[in-house]
Amino acid sequence: MRRKLVAGNWKMNGSTSSIRELLQGILGGSAEVAAVELAVFPPFVYLDAVARQLTGTAVGWGAQNLSEHASGAHTGEVAGPMLKDLGCVYVIVGHSERRTLYGESDQVVARKFAAARKFGLKPILCVGETLEERDQGVTEAVVERQLKAVLDLEGVASFADAVIAYEPVWAIGTGRTATPQQAQDVHAFIRAQLAALDPALASQVRILYGGSVKGANAGELLVMPDIDGGLVGGASLDPKDFLLIAKAGC
Ligand code: PGA
């Protein structure tokens with residue numbers, strides 16, 4: 001059985017006080033959704049405060065990005081060992097905003113995936129097509145290429161400790177969600193790619209859906225057989241909606 005994971009990607013949002021309030025809200029309702037694993041992904045500068053508030057609770061935390069390097073002359077970057085030092089369990093790699101706004105190629109993303117594992121963090125690898133790619137009918141080819149870059153560098157066994165997030169770019173922050181069947185089809189495709197290499201491992205890997213997930217649509221998405229949770233942006237900033245999504249996965 002794959003335990004569902006609901007991950008809150010806060011992106012570049014929050015302040016010391018808003019984060020305290022948000023965490024109090026989440027912790028207030030987390031016992032009711034204990035069947036689901038919860039984790040939050042604050043901006044780097046708030047990781048320490050989040051770690052202090054979540055230590056000893058059932059809610060985990062991680063970072064939104066990491067450097068592919070371990071340390072050294074990389075002004076403005078944050079390394080895996082630093083994230084580990086702050087108690088991060090997970091780190092998101094290859095979010096579409098990193099790929100499109102900050103020019104991260106499939107190869108850079110693969111190296112970040114490798115760095116995460118090397119330093120004891122579980123990568124959440126984001127893959128997904130743009131609207132143009134979907135309209136051209138190349139969704140599977142795009143997702144396959146993004147996955148292959150990581151498989152070529154790290155091998156299928158590296159997914160034992162990893163999570164995959166399918167996030168169609170056209171559904172992120174747009175209020176437009178993939179239909180449950182559209183999402184399920186791509187999740188099944190991703191699982192089949194891994195199964196071709198290692199069927200037992202493929203059946204264990206969690207594949208999250210991301211893209212305008214909210215309380216109102218989480219139920220129909222999380223009930224699909226290959227959807228193992230959500231990577232939630234906007235709705236993760238509202239504790240009630242975040243908990244509603246988790247509830248849908250229970
Ligand atoms: P959204 O973002 O839920 O606001 O669409 C999801 C994501 O980018 O991870």
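The table that follows gives values for the structure above.
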read-out: Contacts under 6 angstrom Cβ, first residue in region 85-101 being within 16 Å of residue 46 (Cβ to Cβ), partner part of a loop (DSSP other than H, G, I, E, B) and within 11 Å of the ligand (Cβ to nearest atom), 6 or more apart; value: 92/64
read-out: Positions within region 28-49 being in a helix (DSSP H, G or I) and under 19 Å from residue 230 (Cβ atoms), in sequence order; value: 29, 30, 32, 33
read-out: Some residue of region 127-149 being part of a strand (DSSP E or B) and open to solvent by less than 60 Å² (accessible area, probe 1.4 Å); value: yes
read-out: Selection count, region 72-99, where residues are open to solvent by 30 Å² or more (accessible area, probe 1.4 Å), small (Gly, Ala, Ser) and either within 16 Å of the ligand (Cβ to nearest atom) or on the phi < 0 side of the Ramachandran plot (or both); value: 1
read-out: Residue in region 163-186 that is under 21 Å from residue 62 (Cα atoms), surrounded by fewer than 19 Cβ atoms within 10 Å (Cβ to Cβ) and within 18 Å of the chain's Cα centre (by Cα) present; value: yes
read-out: Residues satisfying the stated conditions in region 207-222, i.e. of a type in the set (A, V, I, L, M, F, W, C) and either assigned to a strand (DSSP E or B) or surrounded by 20 or more Cβ atoms within 10 Å (Cβ to Cβ) (or both); value: 207, 208, 213, 218, 221, 222
read-out: Count of region 112-126 residues which are within 17 Å of the chain's Cα centre (by Cα), farther than 18 Å from residue 187 by Cβ and either charged (D, E, K, R) or crowded, with 20+ Cβ neighbours inside 10 Å (or both); value: 7
read-out: Those residues of region 223-245 which are within 14 Å of the ligand (Cβ to nearest atom) and assigned to a helix (DSSP H, G or I), in sequence order; value: 234, 235, 236, 237, 241, 242, 244, 245
read-out: Restricting region 102-133 to residues that are touching a Pro at 6+ places or on another chain (Cβ under 7 Å) and more than 21 Å from residue 69 (Cα to Cα), the residue that is farthest from the ligand (Cβ to nearest atom); value: 129
read-out: Enumeration of residues in region 151-161 that are open to solvent by 10 Å² or more (accessible area, probe 1.4 Å) and closer than 21 Å to residue 95 by Cβ; value: 151, 152, 153, 154, 161
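The values are calculated or read from the model by the stated rules, or taken from the named source; none is laboratory data. Not measured: the values here are computed from a predicted model. Note that we place each Cβ from the backbone using ideal geometry, even for glycine, and neighbour counts take in every protein chain shown. The accessibility values were calculated without ligands, DNA or RNA, using every heavy atom of the protein model including side chains. Shrake-Rupley method; radii C 1.70, N 1.55, O 1.52, S 1.80 Å.
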